[in-house]
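Heads up, the thing below is written out as structure tokens.
The values are calculated or read from the model by the stated rules, or taken from the named source; none is laboratory data. What you see is a predicted model, and the numbers here were worked out from it, not measured in a lab. Note that we place each Cβ from the backbone using ideal geometry, even for glycine, and neighbour counts take in every protein chain shown.
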Amino acid sequence: MSDSEPIDVELASGLRYPIVFGAMDDLPAGMTRYGLREGRCLVVSDENVSGLYGERVLRAFARHGWDARIVVLPAGEATKSLAHFGTILDAALSWGIDRATPVVALGGGVIGDLAGYAAASLLRGLPLVQVPTTLLAQVDSSIGGKTGINHPVGKNLVGAFHQPRLVWSDHAVLATLPRREWTSGVAEVVKHALIAGAPLHALIEPVLGRFLDAEPGVVAPVIREAASVKARIVEIDEHESGVRAFLNFGHTFAHALETALGYGTLTHGEAVALGMRAALHLSRGRRPFPGYEGALAMVNAVPVPPIPDDLELEELMTAMRADKKAEARVLRFVLLEGIGEPLLVDDVSPDEVGAAWRFALRRPG
């Protein structure tokens, strides 16, 4: 199968959409080809991505007969806020959109989540086109319809499920990513490999170092396989009532870190890498499995900056209790019984969690 062949996402609800691997300049023609009405469209981006691709995308829309406007927001996790959500709503409603006006999310996970939530909310739902410009977004956040914003109490506590009509991924834009943004995405690819197993695990484990270095020959096949893992899980479980929860491997810890440290201190992928370290420690404590050392080596290959020594475990525990995945104040964790064998548990003691945190942050017991 070609590394550029589209992936069809077919949901149990009857919705379906493609993940297309194509050049940015072909986006407007692709939107028309996949059934979006030519006319007005609202592009949402951040200052970094817009500076690189904003004018290029607007010119491409103009060449194909679209009337496109762009809303440019600050870059960074702090942009996933109620204030910037309001900025998008104000721009869209003052322009005079209708229910066929697409919202085009041009950026990474922050813009995808924020613009997606705006699309879900405006006129009770506008067509959404995800144009992911980071590795993390191309393999994970642009697929599956999770949209939302952060709240001071916790990450992603306000949002909606709103599936895109189209995901348009251009691998060429990844060449402009800062190193930390690239390695942040690698953490999500590793996560997919550990919870799904073969073929992604078999594909990436021997070339992980080359993938971390963004070696051209390994990038495209790994991205396509990682995106396919997300697509197949979403097809089975659109609204995270079952197996989709496995995609949260490491995330209960990661979201607590992001909340306690302040959004943007770590990239999301860096937080997930530390979260997976903690989750692997919990997994080994419950039931050692033969692939543990290899799994830990893959997670440890993702570079993460030092965590401040003054971050207290109690701050992290408080942030965990606010996590949206807690049910009836009981925390749920995704653990591994083996490579490709995730399971959900909710009987983890505070002592186990504390030990996992100390292991992940490399602190003495």
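Test each condition in (1) crowded, with 21+ Cβ neighbours inside 10 Å; (2) not in a loop (DSSP other than H, G, I, E, B) for ALA220 and report the one that comes out false.
For ALA220, the exception is condition (1).
Which fully enclosed strands (runs of 3 or more DSSP E) of the stretch 115-196 have 3 or more residues being among the small types (Gly, Ala, Ser)?
On the way: elements: 128-132, 146-151, 154-161, 166-169.
Filter on the stretch 115-196 gives 154-161.
Of all residues being modelled with pLDDT under 95 and of a type outside the set (A, V, I, L, M, F, W, C) in the stretch 40-94, which is farthest from the chain's Cα centre (by Cα)? Just the residue, please.
Checking each candidate, the answer is GLY76.
Does the stretch 150-168 contain any residue that is among the polar types (S, T, N, Q), under 30 Å from GLY294 (Cβ atoms) and in contact (Cβ under 8 Å) with a residue 24 or more places away in the chain? Step through it out loud before you land on a result.
Taking the stretch 150-168 and keeping what is among the polar types (S, T, N, Q), we get 150, 156, 163.
Imposing the further condition that a residue be under 30 Å from GLY294 (Cβ atoms) reduces the set to none.
Looking through the stretch 150-168, none of the residues is among the polar types (S, T, N, Q), under 30 Å from GLY294 (Cβ atoms) and in contact (Cβ under 8 Å) with a residue 24 or more places away in the chain.
Which residue out of ALA214, ALA196 is aliphatic (A, V, I, L, M), in the same structural domain as GLY294 (by TED's automatic domain parsing) and on the phi > 0 side of the Ramachandran plot? Walk me through how you get there before you give the answer.
Details: ALA196 fails: on the phi > 0 side of the Ramachandran plot.
Result of the check over ALA214, ALA196: ALA214.
To keep it simple, each residue is scored yes or no on (1) farther than 16 Å from HIS251 by Cβ; (2) at pLDDT below 95.
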site: LEU282; (1), (2): no, no
site: ALA297; (1), (2): yes, no
site: GLU312; (1), (2): yes, yes
site: THR318; (1), (2): yes, yes
site: ARG329; (1), (2): yes, yes
site: ARG332; (1), (2): no, yes
site: VAL348; (1), (2): no, yes
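Among the residues of the stretch 254-267, are any among the hydroxyl-bearing types (Ser, Thr, Tyr), at pLDDT 95 or above and either assigned by TED's automatic domain parsing to the domain that holds GLY197 or surrounded by fewer than 18 Cβ atoms within 10 Å (Cβ to Cβ) (or both)? Steps first, please.
We begin by selecting, within the stretch 254-267, every residue among the hydroxyl-bearing types (Ser, Thr, Tyr); these are 259, 263, 265, 267.
Still in the running and at pLDDT 95 or above: none.
No, there is no match, as no residue in the stretch 254-267 is among the hydroxyl-bearing types (Ser, Thr, Tyr), at pLDDT 95 or above and either assigned by TED's automatic domain parsing to the domain that holds GLY197 or surrounded by fewer than 18 Cβ atoms within 10 Å (Cβ to Cβ) (or both).
So, ARG99, is that one more than 21 Å from the chain's Cα centre (by Cα) and farther than 19 Å from TYR17 by Cβ or not? So that I can check it myself, show each step before the final result.
Details: more than 21 Å from the chain's Cα centre (by Cα): yes; farther than 19 Å from TYR17 by Cβ: no.
Against the criterion (more than 21 Å from the chain's Cα centre (by Cα) and farther than 19 Å from TYR17 by Cβ), ARG99 does not qualify.
Could you figure out which of (1) part of a helix (DSSP H, G or I); (2) surrounded by fewer than 20 Cβ atoms within 10 Å (Cβ to Cβ); (3) aliphatic (A, V, I, L, M) isn't true of ALA214?
Just one mismatch for ALA214, condition (1).
Being surrounded by 14 or more Cβ atoms within 10 Å (Cβ to Cβ), touching a Ser or Thr at 6+ places or on another chain (Cβ under 9 Å) and assigned by TED's automatic domain parsing to the domain that holds VAL190: is that true of ALA295 here?
yes
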